[in-house]
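Coordinate-derived values only; no laboratory data. Note that the coordinates shown come from a computational prediction; the quantities given were computed from them, not determined experimentally. For neighbour counting, all protein chains shown are included, and Cβ atoms are generated from backbone atoms with ideal geometry for every residue, glycine included.
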Amino acid sequence: MSGGILTPAKRPARVIVKLGTGVLTSGVGRLDTARIADVCAQLARLRMKGAEVIVVSSGAVGLGMGRLALERRPAETAKKQALAAVGQSLLMETWQAGFAPHGVTVAQVLLTHEDLRARARYLGVRETLEQVIAYGAVPVINENDAVSAAEIRFGDNDILSAMVASLMGANFLLILSTAPGLVDLKGTGQVVPVVERITPEVEAMAGGTASETAVGGMVSKLAAARLATKSGCGVFIASGAEADVIERLLAGTGPGTFFVPSGLPLEARKRWLAYFQRPSGTVVINAFAVRALREEGRSLLAVGVTGAKGDFEAGDIVDIAGPDGAVIARGKSAFGAGEIPAIAGLKGDQVRALHPARRRIEIVHRNDLALL
């Protein structure tokens, strides 16, 4: 990391900066305008050095709570949706005001998981973001919590930022919150400076959040780091309260934890299959099929299948689990759940005899399969 990231390359460095509610506010619904102005100044300087910047910003629900004088985050989905509707415009006004002194225009982009799960919409989002960047504006992305119940209940912007990093082929993802980094609470009590690989021991260090306005804690940040590093993106987790934290991190001198990208990144379609889906069911396979998929890069054939769980149709995305129940892959099934019991364990010629009109008889073709 010495020397920073802004070295000559075929494409400008692309940096995703995710900011949590705790970074943007000083208490429930109270904007920390000085910190936001400082973040915008750092990002403006980064752009002047040639980097492309995308912001993923939390805070809409928290700002809605502040505007409506609520001290506690409500449990009811409809109330959280209403607060997001109130707070989202305040959030965008805040970002535009912060960037205005630097002559930078922001572009609001509200996303749901469904926007990234459907292939055509996934590609459309990518094209839109590329064009916003080409116009010289800074995309400010947030979950569309006002209409998306699932995202409010289960989602968080840590995961969204990692999905955006994967979608846009980012070089670095900076997750800034109130956490100073990954702290080894079970050992030294210090921030772990570098994580080469996210192991069970690393996962055991993670904890949740007790904030009234925040959603994700270190657990979600580790999940985001896992997704982004699999895409070839380096990930920093650090405190947004540190002075000049963005520039220091990217210069290799900042505090926090750096997660090293893992090997060669997955091809874009495989990333989409592996990390952008909500599987409709599970195909269970035997130990021989596990080895064929993992070690030989084979398609999943009926002879290696032992059963199916869930209610899915042909063309749906499914998990692929070994005999111990561990999910090892994800892919697009060519057969529905109701068809699989009749062909499980059969050889190719037997499957073809039952389905003579099919051009392909693989349960999941290797082009539609991503190992996890």
Quiz item: Among the helices of the chain (complete DSSP H runs), which have Cα atoms covering no less than 30 Å along the helix axis and a Kyte-Doolittle mean of at least -0.5?
Solution: 77-99
Exercise. List, in order, the whole-Hz ³J(HN,Hα) value for each residue of the stretch 297-309 obtained from phi through the Karplus relation with A = 6.51, B = -1.76, C = 1.60 and θ = phi - 60°; use x for Gly and Pro.
Key: x, 7, 6, 8, 9, 4, 4, x, 9, 10, x, 9, 10
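Among 269, 14, which comes first, second and so on when ranked by fewest other beta-carbon atoms within 10 Å? Provide the component values of the computation, followed by the final result.
On the way: 269 13, 14 19.
Exposure proxy ranking, most exposed first: 269, 14.
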Practice problem: Would you mind ranking 92, 163 so that the residue whose beta carbon has the fewest other beta carbons within 10 Å leads the list? | Solution: 92, 163
Quiz item: Which whole-Hz ³J(HN,Hα) couplings does the stretch 310-316 yield from phi under the Karplus relation 6.51 cos²θ - 1.76 cosθ + 1.60, θ = phi - 60°, glycine and proline marked x?
Solution: x, 10, 10, 9, 4, x, 7
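Going down the table (80/309; 18/270; 18/80; 270/309; 18/79; 230/347), which pairs top 27 Å between alpha carbons? Show your work: numbers first, answer last.
On the way: 80/309 33 Å; 18/270 24 Å; 18/80 21 Å; 270/309 23 Å; 18/79 25 Å; 230/347 34 Å.
Beyond 27 Å: 80/309; 230/347.
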Quiz item: Which whole-Hz couplings ³J(HN,Hα) result when phi for each residue of the stretch 235-242 is put into the Karplus expression 6.51 cos²θ - 1.76 cosθ + 1.60, θ = phi - 60°, listed in order with x for Gly and Pro?
Solution: 10, 10, 10, 7, 7, x, 7, 5
Quiz item: At residue 178 and residue 352, where each label point lies 7 Å from the Cα along Cα→Cβ, what is the point-to-point distance in nanometres?
Solution: 6.3
Self-check item: Candidates per GluC sites (Glu not before Pro) in the stretch 238-338, loop by DSSP, up to 13 other Cβ within 10 Å
Solution: 267, 313
Practice problem: Give the distance, in whole Å, between the Cα centre of the stretch 52-87 and the Cα centre of the stretch 328-372. | Solution: 45
Self-check item: Gain upon complete extension [residue 78, residue 328; 0.36 nm per residue less C-alpha separation]
Solution: 86.4 nm
Exercise. Set the Förster distance to 22 Å, then compute FRET efficiency between residue 102 and residue 251 from the Cβ-Cβ distance, nearest 0.05.
Key: 0.65
Quiz item: Cα centroids of the stretch 240-315 and the stretch 106-143: how far apart, whole angstrom?
Solution: 22
Exercise. Calculate the spin-label point distance for residue 298 paired with residue 126, positioning each point 7 Å from the Cα along the beta-carbon direction, and give it in nanometres.
Key: 3.0
Practice problem: Pull out the extension gain between residue 68 and residue 135, defined as 0.36 nm times the separation in residues minus the alpha carbon to alpha carbon distance; nm, one decimal. | Solution: 20.5 nm
Quiz item: Rg and Dmax of the chain over Cα atoms: what are they, in angstrom?
Solution: 22.3, 70
